[in-house]
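Colleague: Shown below is the structure under consideration.
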Amino acid sequence: MPAQTRLFLCLKDNFGVLLHDTKTGATAAIDAPEAAPVEAVLQATGWRLSDILVTHHHRDHTGGIEELKERYGCRVVAPQAEADGIPEVDETVRENDTIRVGGLEARVLETPGHTAGHITYFFPADKLCFAGDTLFSIGCGRVIEGNNETMWQSLLKLRALPDDTHVFCGHEYTAANVRFAKTIEPDNAALKAREQEVARLIADKKPTIPSLLGDEKAANPFLRADVPEVAAKIGLAGRPAWQVFAEIRERKNKF
Ligand SMILES: [Zn+2]
């Protein structure tokens, strides 16, 4: 596979990630929470930063852009709908656009809900999905600028990607997400398996992502709002999936 990734923590609980094309040497940061950890990984790997692919305008995803752009002259790619709120944007993208990192090709998926213009970068050849704050492992982002129906549609769009897609997200929230998910589906075997895996990874001081989309489909309650047993579990049998999603999201907000 020509694509390599490096994952690292930034700020308090943000993930930084670098995507490297071994054929051309191109390297993209997906979001830039802060510059220093990105630069440390660039130094350790010898990679040259060519691009920053921004998922949404929140400062904990964009705070390092100016410093990195000044140092490396990299191209900054951002969602068209949020370009005004993101520094140093060179190129804007929208639904179904293609964007290249060297020879690696991503398809842009608009996934609004957390923010109104949030996008996800999906690299079909390498089955890599950079979902920002839309989909977390065993969780999803808070619905801040959109509504629950919009967010549910965005999650459905991501759920339609292949099961063997590696999902990268913006935050290390997995352990807390698992604790919450058990309140919705305490008997879900896939969730129990993920709980054990997460405990093992944390004990080894390793990140809990990327996860496989197929595993998320089986264990992440926010991707399961249209599963009849899930609706029944929270007293909403027969209700539209987005309403079930809204109730799960509301419970998580109060958890
Ligand atoms: Zn955010």
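Where a number appears in this text, it was derived from the coordinates with a stated rule and is not lab data. Because the structure is a prediction, the values reported are computed rather than measured. Every residue, glycine among them, receives a Cβ derived from its backbone with ideal geometry; neighbour counts consider all protein chains shown.
Colleague: Could you work out [θ]222 nm for the chain from helices alone, using -39500 (n - 2.57) per DSSP H run of at least four and dividing by all its residues? Round to the nearest 500 deg cm²/dmol. Working shown, then result.
Modeller: Values: 9 runs with 88 residues, N = 255.
One gets -10000 deg cm²/dmol as the mean residue ellipticity at 222 nm.
Colleague: Stretched out fully, how many nm does the piece from Thr98 to Ala193 gain, at 0.36 nm a residue minus the Cα gap?
Modeller: Between Thr98 and Ala193, full extension yields 30.6 nm more.
Colleague: Step through the residues of region 24-37 one at a time and calculate ³J(HN,Hα) from phi using the Karplus curve (6.51 cos²θ - 1.76 cosθ + 1.60, θ = phi - 60°), rounding each to whole Hz and writing x for Gly and Pro.
Modeller: Couplings: 9, x, 4, 9, 10, 8, 8, 6, 9, x, 7, 7, 4, x Hz.
Colleague: What list of ³J(HN,Hα) couplings, whole Hz, do you get for region 60-74 from phi and the Karplus terms 6.51, -1.76, 1.60, once you set θ to phi - 60° and write x for glycine and proline?
Modeller: Using θ = phi - 60°, the values come out as 6, 10, 10, x, x, 4, 4, 5, 5, 5, 5, 6, 10, x, 6 Hz.
Colleague: In the chain, which longest range has no trypsin sites (Lys or Arg not before Pro) that are both DSSP loop (not H, G, I, E or B) and surrounded by at most 14 other Cβ atoms within 10 Å?
Modeller: That gives 143-204 as the longest site-free run.
Colleague: Assuming R0 = 41 Å, what is the FRET efficiency of Asp226 and Glu66, from their Cβ-Cβ distance, to the nearest 0.05?
Modeller: The formula returns an efficiency of 0.45 here.
Colleague: Where does each of Thr45, Thr62, Thr98 land when they are ranked from fewest to most other beta-carbon atoms within 10 angstrom?
Modeller: With the fewest neighbours first, Thr45, Thr62, Thr98 line up as Thr98, Thr45, Thr62.
Colleague: Whole-Hz Karplus ³J(HN,Hα) for region 244-251, in order, using 6.51 cos²θ - 1.76 cosθ + 1.60 and θ = phi - 60°, x for Gly and Pro?
Modeller: 5, 4, 4, 5, 5, 4, 4, 5
Colleague: Give the long-range amide H neighbours of Asp31: residues separated by 5 or more places, or on another chain, with amide H under 5 Å away, using H modelled in the peptide plane at 1.01 Å from N.
Modeller: Those qualifying (amide H under 5 Å, at least 5 residues apart or on another chain) are Leu53, Val54, Thr55.
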